[in-house]
Amino acid sequence: MKLSAFDLNHVRALHHLLEEAHVTRAAKKLGITPAAASNALHRLRVDFDDPLLVRNGRSLVRTQRAEELRAPAREVMLAAERLFNQGRPFDPATATWDIYVTTSDRVAELLLPTLDGLLAARAPGALLTLRTQTPDLGAFLREHGGIAIVPEVAKERDLRSQRLFVDDFVCVMRGAHPLATGRMSLKRFTEWEHVLVAPLAQSRRGGIDVLLEKEGFSRRVTRVVTTFSLALPLVLGSDRLAVLPRSFATAHAKALGLALRPLPVPMPPIEMLLAWHLGNEGDPKHAWVRGLVQDAVRAVGLATA
C-alpha cells in the first residue's frame, strides 16, 4: 500500500483501536459511535490486509501486525500534536496532562514527597501516576510518554537518558547485630544469612556475589524480596544482613534503629538515569517534567557527581 492511497485521517482511529483493543472504548476516545468505530476497523483491515484485532473468547487481541503498528501509529499522533502545538507557549501552571513516572520503591520514597510538592506548586493541573519497574519499560515509555528513573544497567536501545544521581551500597542490619560494631571481615560478612532484593524475583544472586567469588567467598541468601522496603522487616526481625543503597538505608536508619556498615569488599556505585523514549525528545511538556525531576533530586540532596 502506498502512502498516497492511505487516508491519514484513519491514523487516529488506528491508534485508539490498537491501544484499547476494544471497539466501544476506542469509539469513546474517538468521539464516535461504536458502529462507526467498527466500520473504521473494517477499513483499516482492508488497508493493512490484516485482521488487526481478533476475537479470543469475549475479548479482542492484537495480531502480530497490529503489535508492530502500535508504536508507529502513536508516533504519528505525537508528531501531529507537536505540529498543532507549534508556536503555542507551554504553560505548566494552566496545562492539564498526564505524567507517568516509573522507578523503584526506594527512589519513590526518597523523591515522591518533594516531587509532589513541586508539581502541586508549579503544575496543579497535572495528573501524576507513579509505577514500579516492569520488564516492558521501553514499551511503556513509548506508549505512555512517561519518564523512568532507572539504573544504568537498565538502559534500552530506543531510550534516551541522562545521569541523574549516584548512590553507593552499604551493609544493613539491626542495631543490636553482632556485626554492628567492630571489624567486619569478608569471613564474618559471609557467615550470616542474607536478604537479597531482586526486583523481578528471578535471581538468587546480586552484584556483590560476583565480587565475593573473586575473593574466594560466597554468602548464603535465605530470603528474596522484590523491593527494598520488604527487606527491612526481614533484617529488623533477625540477624540477617542486606546490601542496600545508602540513600534508602540512611532514610530509614534512625527511625528503625538500623546499623549501616561499609561493605567488606568494594562495590561499584550505582548510577541512576533519567530515561525516556526517543519519540518524546522534543515534547515541551516532557522536557519540563524532566527538569522538574532534576529539581527534586537537587532538593533532597542526592549526589549528582
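Derivation of every value follows stated rules applied to the coordinates shown; laboratory data play no part. Treat the numbers as computed from the prediction; the structure is a model and nothing was measured. As a convention, Cβ positions derive from the backbone with ideal geometry for all residues, glycine included, and neighbour counts pool all protein chains shown.
Please give the FRET efficiency for T250 paired with A176, using the beta carbon to beta carbon distance and R0 = 22 Å, rounded to the nearest 0.05.
The pair T250/A176 has a calculated efficiency of 0.70.
So what is the relative contact order for the chain, in percent, with contacts set as C-alpha pairs under 8 Å and at least six apart?
21
Quick check: from the Cα gyration tensor, does segment 174-281 come out rounded (a/c under 1.5), prolate or oblate?
Here segment 174-281 falls in the prolate category.
In nm, to one decimal, how far is the modelled label at L128 from the one at A299, with both set 7 Å along Cα→Cβ?
0.8
Please work out the Cα convex hull volume for segment 87-145 and give it in Å³ per residue.
For segment 87-145, the hull spanned by Cα atoms encloses 87 Å³ per residue.
Could you derive backbone 3J(HN,Hα) for segment 214-220 from the dihedral phi with the Karplus parameters 6.51, -1.76 and 1.60 (θ = phi - 60°), listing whole Hz in sequence and x where the residue is Gly or Pro?
Values per residue, Gly and Pro as x: 5, 9, x, 10, 8, 10, 10 Hz.
Of the residues R240, R205, R58, which exhibits the maximal mean-square fluctuation in a Gaussian network model of the chain defined by a 10 Å Cα contact cut-off?
Among R240, R205, R58, the largest mean-square fluctuation in the Gaussian network model of the chain belongs to R58.
Note down the magnitude of the dipole of the chain about its Cα centre, charges +1 on Lys and Arg C-beta and -1 on Asp and Glu C-beta and zero elsewhere, to the nearest 20 debye.
Dipole about the Cα centre, nearest 20: 500 debye.
For segment 224-282, go through all pairs of different Cα atoms, get the mean of 1/r, take its inverse, and jot down that Kirkwood value in Å.
By the Kirkwood definition, the hydrodynamic radius is 14.0 Å.
Mean residue ellipticity at 222 nm from the helices of the chain, using -39,500 (n - 2.57) per DSSP H segment of n ≥ 4 over the full residue count, to the nearest 500 deg cm²/dmol?
After summing the helix terms and dividing by the residues of the chain, the value is -13500 deg cm²/dmol.
Long-range amide H contacts for R174: which residues qualify at under 5 Å (H placed 1.01 Å from N, peptide plane, sequence gap of 5 or more or a different chain)?
The list, which skips near neighbours in sequence, is A259.
Per-residue HN-Hα couplings for segment 177-187, Karplus 6.51 cos²θ - 1.76 cosθ + 1.60 at θ = phi - 60°, whole Hz, x for Gly and Pro?
5, x, 8, 5, 10, x, 6, 10, 7, 4, 4
Under 15 Å from a label point 7 Å along Cα→Cβ of E215: give me every residue in segment 225-250 with its amide N that close.
Only 242-244 pass the distance filter.
Tell me, how many Å apart are the Cα centres for segment 44-61 and for segment 190-237?
46
Determine ³J(HN,Hα), in whole Hz, for all residues of segment 102-117 in sequence, where each value follows from phi through the Karplus function 6.51 cos²θ - 1.76 cosθ + 1.60 and θ = phi - 60°; x replaces Gly and Pro.
Here the 3J(HN,Hα) series is 10, 6, 8, 5, 5, 5, 4, 4, 6, 9, 4, x, 5, 4, 5, x Hz.
Going 7 Å from the Cα of D116 along its beta-carbon direction, which residues of segment 226-259 have the amide nitrogen within less than 19 Å of the resulting point?
So the set is 228-230, 248, 251-252.
What's the lysine pair count for the chain at a Cα cut-off below 28 Å, pairs eight or more apart or interchain?
Lysine pairs satisfying the spacing and distance rule in the chain number 7.
How big is D for segment 17-154, in µm² s⁻¹ as a whole number, if Stokes-Einstein is applied with the Kirkwood radius of its Cα pairs at 10 °C and 1.306 mPa s?
89
Would you pull out the residues with amide H under 5 Å of R160's amide H, same chain only if 5 or more places away, H placed 1.01 Å from N?
For R160, the qualifying residues are W276, H277, L278.
List the residues, sorted by chain then number, that are 5 or more residues from L128 or on another chain and whose placed amide H is less than 5 Å from its amide H.
I99
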